[in-house]
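A quick write-up on the structure given underneath.
The values are calculated or read from the model by the stated rules, or taken from the named source; none is laboratory data. Please read these numbers as outputs of a predicted model, since none were measured by experiment. Neighbour counts are summed over all protein chains in view; Cβ atoms, including those assigned to glycine, are modelled from backbone coordinates with ideal geometry. Areas reflect the complete protein model, heavy atoms only, side chains present, ligands, DNA and RNA absent. Shrake-Rupley method; radii C 1.70, N 1.55, O 1.52, S 1.80 Å.
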Amino acid sequence: MITKKIELLLSNVLKKLEIEKENIKVIPSNRKDLCDYQFDGTFELARLLHESPLEIGNKILEELKKEENFNQYFKKVEVLPPGFINFTLSDEIINETINEMATKEKFISELPEPKKIIIDYGGPNIAKPLHVGHLRSAIVGESIKRILKYMGHQVIADVHLGDYGLQIGQVIYGLKERNIKIEEMTLKDLEEIYPLISARCKEDEKVKDECAEITKKLQENNVEYHQYFEKIKELSGEDIKRIYKYLGVSFDLWQGESDAYPYIDKVTKELEDKNLLKESEGAKVVYIGKEEDPKEIPPLVYQKGNGAYLYGTTDLATIYERREKYHPDSIIYITDYRQSLHFNSVFRVCEKLGYKEIKLEHLGLGTVNGKDGKPFKTRAGNSPKLDSLFKEVKSYFIESNEKNESMSEKDLDIIVNAIIKFADLQNNREKDYIFDIEKFSKVIGKTGPYILYTYLRIDSILKKEQFSIAKLNNTIYDKEDHDLRLKILELESTLNYAAEERLPSVLANFLYELCVNMNAFYEKNHINTLSEIEKKENWLYLFQISNQILKKMLELLGIEIPERM
Ligand code: ARG
């Protein structure tokens, strides 16, 4: 990796200058007009050594020039006020590094320390329809999973169904009220009943209490309620699996809250042994506040007065189970950001229990909004069911261009996926964004169709043209060519950063920029009609690498490539 190469060189130089610094970071420049890469560590060194960043920069540069491979690496290195070191790479090192990348199956180096990571995403609730919030968790989670696997980590994906909460009691109440027998129950019944009873619970204490009682009895293994539960889980589960299949989202484990029940007693015992379980207004709670908290953090409610367990309880029991069965280094949870207090509370209880070996992370997601700035709804109705979203995007894409009408159904579904996923993944996951079907369906702009179109365009050239080289020569022919090669070099640091920060948006934006570079190159240099053979072959080879990278990285975003569009 190019940054590693420069970092190594810098660390040599610093050693010679007897300056101690770990973690030397060279990053792609954000001013490509000035240089290709930059080092900003001079500012930190200045504070340590009580010298100006500019002085330190110059010292480093003087020493760097004495290094053997200075001229092989750089066309130019300068120190600019207030103290940045700016590197412009030589053509030789650019091409050498790309040639090296091309020999690796994944284009990047092996990870020194792979970790075992459980990733908990999707999180649909049975008996309740999946909504856009769940869609985002599925898209972002799937991409993070794929990126981490690609980097070499061992990843276990768990859907963690919400399957033992109050909504089940509510649905069973509604089914019984309507006299619907277990064998007659349909998905439609569930979809109708849940919103009705959930609304009635808000108005009618009696209904609410009865639903809570059913939920508790279910948790205590009441036979009749359990039969209802199994059937609800079956019907709902089929529907959830169908939607995930459409989205290309897959899980290693289809566990849910209910599977954690056998572990609750073990957690209770640990909590009791450590004297952490306290009575509060009839309920059992764990106090988790810390002195340094700016605002008081309420205790985690572990068991309600009526004996029922809650969301926090099942999450604690699930962590217990995961530690026992899989010994993960970390667990990553991906949900709407409004659950951050919940996860923070659960994590604090784990801290009190002394689960130190495991890193727990909650990634909170921003909201998907409509053009009106309110949470996104489809035209079809107020509950933004995912099927109607898929349909709406598909019909919009077909209407937007006559050519699209003749596309195969399979390709259209691939495009629907690309539109929705790229719209989402290009945004930092913590931020809200506006889902604008019109904008995200266009073939021009930062959209899924643009990326796919770029791939297919280059692919069709590569299919028509023959070339025999398997290595770039040492020439870079023009600016567009140079920009494209530099972008390719950024792949490894992009992937590292995206994986470490769990930010698929970094990869999505890299892909967009790569496509912009590929298109600019293509439009300037009409490769097909070029008569200079060596140049043409080098460029075709460069295109081949670019497209291979594009394809592999699209896979990491969960985006497939259509036959044609
Ligand atoms: N079912 C939850 C919801 O709909 C998400 C579950 C997330 N995972 C977890 N282990 N709590 O919001």
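Selection of segment 159-184 for residues being assigned to a loop (DSSP other than H, G, I, E, B) and either away from the ligand (no atom under 12 Å from the Cβ) or aliphatic (A, V, I, L, M) (or both) yields 159, 178, 179, 180, 181. Considered as a group, the residues in segment 330-358 that are open to solvent by 60 Å² or more (accessible area, probe 1.4 Å) and away from the ligand (no atom under 15 Å from the Cβ) include one that is nearest to residue 158 (Cα to Cα), and that residue is 357.
Residue by residue through segment 183-211, note down the ones that are closer than 14 Å to residue 168 by Cβ, touching a residue at least 60 places away in the same chain (Cβ under 8 Å) and open to solvent by 20 Å² or more (accessible area, probe 1.4 Å). Within segment 183-211, 194 is the sole residue that qualifies. Is there a residue being in contact with a helix residue (DSSP H, G or I) (Cβ under 7 Å, 6 or more places away or on another chain) and open to solvent by 50 Å² or more (accessible area, probe 1.4 Å) anywhere in segment 54-73? Yes, there is a match, as at least one residue in segment 54-73 is in contact with a helix residue (DSSP H, G or I) (Cβ under 7 Å, 6 or more places away or on another chain) and open to solvent by 50 Å² or more (accessible area, probe 1.4 Å).
Close Cβ contacts (under 6 Å, 6 or more residues apart or on different chains) running from residues in segment 392-403 that are at negative phi to residues that are of a type in the set (Gly, Ala, Ser) comprise 396/441; 397/441; 400/441. Within the bounds of segment 274-286, is there any residue that is farther than 23 Å from residue 154 by Cα and within 16 Å of the ligand (Cβ to nearest atom)? No, there is no match, as no residue in segment 274-286 is farther than 23 Å from residue 154 by Cα and within 16 Å of the ligand (Cβ to nearest atom). Would you confirm whether or not segment 103-122 contains a residue that is more than 13 Å from the chain's Cα centre (by Cα), near the ligand (Cβ under 10 Å from one of its atoms) and open to solvent by 10 Å² or more (accessible area, probe 1.4 Å)? No. Within segment 525-536, the residues that satisfy the criterion of being within 20 Å of residue 454 (Cα to Cα), touching a Phe, Trp or Tyr at 6+ places or on another chain (Cβ under 9 Å) and part of a helix (DSSP H, G or I) are 527, 536.
The one condition from (1) within 16 Å of the ligand (Cβ to nearest atom); (2) without any contact (Cβ under 8 Å) to a residue 40 or more places away in the chain; (3) open to solvent by 70 Å² or more (accessible area, probe 1.4 Å) that residue 149 does not meet is (1).
Of everything listed in (1) surrounded by fewer than 19 Cβ atoms within 10 Å (Cβ to Cβ); (2) within 16 Å of the ligand (Cβ to nearest atom); (3) assigned to a loop (DSSP other than H, G, I, E, B); (4) modelled with pLDDT of 95 or more, the single unmet condition for residue 298 is (2). Which of the residues spanning segment 489-524 are in a helix (DSSP H, G or I), among the acidic types (Asp, Glu) and open to solvent by 40 Å² or more (accessible area, probe 1.4 Å)? The answer is 500, 513, 523.
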